[in-house]
């Protein structure tokens, strides 16, 4: 699997000096949890900004201290759905811009033998069909958790779905595009490949363990 297999019309790789610096901090095995969390938060805000560029707005009237004028309001609700637990670290990035965003939760863990996702918890807002749904997870590795999550929210009615992650592997992107070609991806980096244990190379290790200090 290589990057040449990716449909880049549906993938946005955020190229920014702050992202490049913070990715280096995240990749460094000696970065302590408190600095890891800060770097992830900064990148998350930039990724959320990029993902929300397509959020629809409607024109409204506003009265300034001088006169009446035209302004904009959001035309749809926003729902952030972290794949817990690692995805929880990216929720604040969405609410930084959309404080009123609703938060859903999807709990999954990776079976260490099969490398496949196992669902164990879900709690989602109602009326997903009327919202822009952002599924957030630091890593897009095999694509199993991402695809399962997207299928889950689609079954609950979601139609406008976006996937946001820090680091992705070509294999994961390819699988997501095959199973859910309608879902755009925003990521900070596309790495080389997956290793035999289905970890992203060079990656940054287990994002959840490093974020929560449970390595």
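Just to confirm my numbers, what's the Cα centroid distance between the range 34-94 and the range 124-143 in Å?
Using only Cα atoms, the two centres lie 14 Å from each other.
At q = 0.09, 0.17 Å⁻¹, what is the base-10 log of I(q)/I(0) for the chain according to the Debye formula with one equal point scatterer per Cα and no solvent? Please give it to two decimals.
-0.35, -1.19
Which of 21, 85, 193 ends up with the largest GNM mean-square fluctuation for the chain, with Cα atoms connected below 10 Å?
Comparing 21, 85, 193 in the GNM, the peak value goes to 21.
Using alpha-carbon pairs under 8 Å, 6+ residues apart, how would you state the relative contact order of the chain in percent?
With pairs under 8 Å counted, the relative contact order is 23 percent.
Please build a GNM for the chain, connecting alpha carbons under 10 Å apart, and tell me which residue among 113, 29, 174 fluctuates the most.
113
Rg/Rh for the range 48-136: what does it come to with C-alpha atoms and Rh from Kirkwood?
Here the Rg-to-Rh quotient is 1.15.
Expressed as an acute angle from 0 to 90° and rounded to the nearest 10, what is the orientation of the C-alpha long axis of helix 170-179 relative to the principal long axis of the chain?
60 degrees
Roughly what % of DSSP beta bridges within the chain run antiparallel, to the nearest 5? If you can, show how the numbers build up before the last one.
Numbers: 15 of 40 bridges.
Around 40 percent antiparallel, to the nearest 5.
None of the figures in this text is laboratory data; all of them are computed from the coordinates on show. Quick caveat, the model's predicted, so the values are computed rather than measured.
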